[in-house]
Amino acid sequence: MDFEFSPEQRALAERIRAFAAERLAPAAGEGERRGRPRPGLFAELTAEGLFALRVPVAYGGQGAGAVSTGIVLEELAAGDLTAGYPVLNAALVADALDANATDEQRARWLPPIARGEAILTVGRTESGDGDGGGDDDNAAGIGLRATPAGDGWRLSGEQTSAAPGGHATHALVFARTGEADAPGVTAFFVSLDHPRVGRAGGPATLTFDDVRVGPDDVIGAPGRGAVRVLRGFDHSPALIALMCLGAAGAALDEALAYARRRHAFGEPIGRFQGVAFPLVEHATLLHAARLLAYEALWRKDAGLDHRTEANMVKWWAPRAAVDAAHQALLTLGHLGRPEDGPQSRRLRDVIGAELADGTANATKLVVARQLLGGDHAPSGI
């Protein structure tokens with residue numbers, strides 16, 4: 001059993017770590033204050049080749065594996081977790097298109113993704129759906145409707161949890177193409193440069209008001225392609241887990257540094273068990289969660305079933321990250337308290353990531369079905 005990254009992966013981690021420390025960390029929080037990504041962020045991510053990670057080499061990308069993608073997202077999140085979302089979306093959508101699109105669609109869509117010209121978002125849930133993890137085979141939970149119109153479709157309705165949908169140029173969305181009580185969900189790759197597309201909120205609710213899309217915007221077969229497309233997202237829980245762990249690891253590193261330099265009663269406060277032992281406990285939990293996340297991604301790269309490991313770590317890592325970031329803030333005391341300070345921001349970021357790609361209960365449902373079998377596991381949330 002080999003726990004070592006390859007030399008290329010170690011070099012990748014070092015490069016992205018330096019980029020995150022120099023370019024992301026100093027400006028982290030600016031996007032939150034502005035309510036939009038800071039100017040130049042997408043250009044910087046493009047210059048580092050981060051939108052090209054999962055795009056095949058034939059289409060101008062890097063063809064990186066899932067483990068390498070996880071390395072990048074973990075290191076980015078150590079500087080600014082929110083900067084990882086557009087990179088995550090680019091990787092997932094590139095995967096989905098490569099696996100399910102036609103040759104013509106790949107040639108049209110993948111090169112702009114690699115060049116950073118297409119900033120992507122994914123619409124998978126509806127306002128009021130709550131967990132957002134749901135049953136991907138069931139059309140009943142999809143409110144976005146696609147109505148046949150000539151040789152194409154008209155999209156009407158909304159989808160939420162689409163970070164960073166407020167600033168994306170294209171979206172992969174899922175719309176009901178059957179009757180209200182019938183199965184049938186279709187995946188569409190849609191340009192958001194349309195007067196009838198509305199956006200609201202931070203992560204963004206995308207509203208489609210009779211938006212015309214053509215037959216070439218359908219990914220897979222109408223009514224049958226969405227399930228296959230969504231299977232390409234089955235490793236995203238592990239990627240999101242690593243984003244949480246990257247941010248929490250940075251918070252813990254800052255707390256450890258503070259415990260070495262802060263003195264009380266003539267000694268560094270790290271000499272006191274009440275300070276040191278909680279940090280040890282959280283470092284242990286983060287380390288264990290990180291190993292599980294990379295196991296899931298290794299299994300993905302090896303062509304093995306990775307759903308159990310990916311969903312296990314998605315419910316566990318965010319919780320461990322929230323607890324670690326909280327303890328780091330407490331260790332710094334009033335220095336960690338300011339709302340615009342790095343510790344408070346990291347804590348907010350990892351709490352927000354708990355909801356990304358489904359709640360803890362949604363991921364536990366996937367694991368329960370894997371461990372118990374569909375006939376003996378809970379039927380839903």
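The values are calculated or read from the model by the stated rules, or taken from the named source; none is laboratory data. Keep in mind that what you see is a predicted model, and the values were worked out from it rather than measured. When we count neighbours, we look across all protein chains shown, and the Cβ atoms used for this are built from the backbone with ideal geometry, even at glycine. Note: accessible area is taken over every heavy atom of the protein model, side chains too, but ligands, DNA and RNA are not part of it. Shrake-Rupley method; radii C 1.70, N 1.55, O 1.52, S 1.80 Å.
For this structure, a couple of remarks:
- Number of residues in the stretch 345-370 that are surrounded by fewer than 18 Cβ atoms within 10 Å (Cβ to Cβ) and touching a helix residue (DSSP H, G or I) at 6+ places or on another chain (Cβ under 7 Å): the value is 3.
- Beta carbons closer than 8 Å, at least 6 apart along the sequence or on distinct chains, pair a first residue in the stretch 224-238 that is within 12 Å of Thr308 (Cα to Cα) and open to solvent by 20 Å² or more (accessible area, probe 1.4 Å) with a second that is at pLDDT 85 or above and of a type in the set (A, V, I, L, M) for Asp234/Ala310.
- Residue within the stretch 18-28 that is crowded, with 24+ Cβ neighbours inside 10 Å and among the small types (Gly, Ala, Ser) present: yes
- The residues listed here are Phe3, Phe51; of these, the one that is among the aromatic types (Phe, Trp, Tyr), buried (at least 16 other Cβ atoms within 10 Å of the Cβ) and touching a Leu at 6+ places or on another chain (Cβ under 9 Å) is Phe51.
- Of note, Val67 does not satisfy the criterion of being over 14 Å from the mean Cα position of the chain (by Cα), within 28 Å of Arg224 (Cβ to Cβ), at pLDDT 95 or above and open to solvent by less than 50 Å² (accessible area, probe 1.4 Å).
- So Arg17, is it charged (D, E, K, R) and either over 16 Å from Ala163 (Cα atoms) or free of Cβ contacts under 8 Å to residues at least 40 places away in the same chain (or both): yes
- Residues in the stretch 29-47 that are surrounded by fewer than 19 Cβ atoms within 10 Å (Cβ to Cβ) and part of a loop (DSSP other than H, G, I, E, B) were compared, and the one that is modelled with the lowest pLDDT is Gly35.
- Looking across the stretch 303-320, the residues that are under 18 Å from Thr69 (Cβ atoms) and open to solvent by 60 Å² or more (accessible area, probe 1.4 Å) come down to Gly303, Leu304, Arg307.
- Reported count of residues in the stretch 114-153, each being modelled with pLDDT under 55 and open to solvent by 30 Å² or more (accessible area, probe 1.4 Å), is 11.
- When the residues of the stretch 154-175 are filtered to those that are in contact with an Asp or Glu (Cβ under 8 Å, 6 or more places away or on another chain) and open to solvent by 30 Å² or more (accessible area, probe 1.4 Å), the one that is nearest to Val211 (Cα to Cα) is Arg154.
- Number of the exception - Arg260 against (1) in contact with a strand residue (DSSP E or B) (Cβ under 7 Å, 6 or more places away or on another chain); (2) modelled with pLDDT under 95; (3) not polar (S, T, N, Q): (2)
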